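Okay, so here's the structure we're looking at.
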Amino acid sequence: MANDSHPTRSEVLNMHMSEFWSGDLGLTLVTISLVVLIFVITPLREAGLPGRFFFDIIMVTLMISGALAVNQSRIATALVVVIVFAGAVVLGAGRIHPTPFLLQFGSILSTVTLLLYLRIVLLVMFRKGPVTWSRIQGGVCAYLLFGMAWASAYQFLEQRYPGSIQFVTAPLDIDQLTSKLTYFSFGVLTSLGSDIAPVHPFARSLTLCEAVVGQLCPALLMGALVAMAMQSRSKS
């Protein structure tokens with residue numbers, strides 16, 4: 001009877017993860033990791049320097065902890081955890097044995113994983129409570145995850161239909177391909193443009209969709225946060 005009054009180890013773990021994600025620390029670490037991964041590690045990997053593996057582990061850990069902390073069904077949580085682990089395994093295997101199937105399947109899983117993680121960030125961002133700096137960081141995370149997800153989709157398309165995207169200098173390996181497509185994706189998302197051009201009809205369609213999302217996403221996210229702030233202020 002006495003043991004029933006004490007929380008179980010899993011309940012304590014879930015409580016700690018919920019506290020971690022309900023404060024500023026969770027989204028702060030995600031934001032820092034994404035910024036370093038996109039703007040530092042990815043270009044360094046194109047140059048042949050190591051360093052991405054450490055941040056990949058951090059991102060996988062944050063994804064799993066976020067999936068366990070947000071308010072969703074057990075099936076959805078299990079699905080996210082399985083896809084994250086499967087994506088990590090397939091991407092690792094693709095680097096060791098770069099077969100077309102593993103590379104393409106890894107790109108698909110990477111796209112799905114990033115979109116699922118985007119969902120987790122949005123769930124944390126729009127949870128009940130006052131609008132804080134953490135929610136603004138969630139908007140930044142969502143925007144960066146959009147760009148990374150589209151980069152993975154471009155990568156699958158280029159691997160499935162070589163020549164779908166035209167480069168000034170052709171990538172020599174998977175790291176250069178990832179870096180160039182990440183640059184291209186964020187150039188489209190921010191309407192900056194780049195020296196890389198979509199050639200395949202599917203690539204052009206993806207580019208147009210990303211350009212539209214890049215214009216609408218910041219306005220919608222910031223508008224939603226402003227509405228939440230006004231609603232919470234009116235209630236107080």
Filter result (at pLDDT 90 or above and under 17 Å from Leu91 (Cβ atoms)) within the stretch 158-177: Glu158, Gln159, Arg160, Leu177
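To keep it simple, each residue is scored yes or no on (1) surrounded by fewer than 17 Cβ atoms within 10 Å (Cβ to Cβ); (2) under 22 Å from Leu27 (Cβ atoms).
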residue	(1), (2)
Ile120	no, yes
Lys128	yes, yes
Phe156	no, no
Phe184	no, no
Val188	no, no
Ser191	yes, no
Ile196	no, no
Quick check on the stretch 166-178. Is at least one of its residues free of Cβ contacts under 8 Å to residues at least 40 places away in the same chain and hydroxyl-bearing (Ser, Thr, Tyr)? yes
Out of the residues in the stretch 168-182 that are under 22 Å from Leu102 (Cβ atoms) and in a loop (DSSP other than H, G, I, E, B), which is most open to solvent (accessible area, probe 1.4 Å)? Leu172
In the stretch 130-143, residue farthest from Leu79 (Cα to Cα) [restricted to those that are touching a Ser or Thr at 6+ places or on another chain (Cβ under 8 Å) and crowded, with 17+ Cβ neighbours inside 10 Å]: Val131
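For the subset of the stretch 198-212 comprising residues that are assigned to a helix (DSSP H, G or I) and open to solvent by 40 Å² or more (accessible area, probe 1.4 Å), which member is nearest to Met125 (Cα to Cα)? Let's see the steps before the verdict.
Here is the first cut: in the stretch 198-212, the ones assigned to a helix (DSSP H, G or I) are 201-212.
Next cut, open to solvent by 40 Å² or more (accessible area, probe 1.4 Å) only: 201-202, 204-206, 208-209, 212.
On the way: Pro201: 35, Phe202: 32, Arg204: 31, Ser205: 29, Leu206: 26, Leu208: 27, Cys209: 24, Val212: 22 Å.
So, considering only residues that are assigned to a helix (DSSP H, G or I) and open to solvent by 40 Å² or more (accessible area, probe 1.4 Å), the one nearest to Met125 (Cα to Cα) is Val212.
The values are calculated or read from the model by the stated rules, or taken from the named source; none is laboratory data. What you see is a predicted model, and the numbers here were worked out from it, not measured in a lab. Neighbour counts run over all protein chains shown; Cβ positions are idealised from the backbone, glycine included. Heads up: the accessible areas ignore ligands, DNA and RNA and are worked out on the full protein's heavy atoms, side chains in. Shrake-Rupley method; radii C 1.70, N 1.55, O 1.52, S 1.80 Å.
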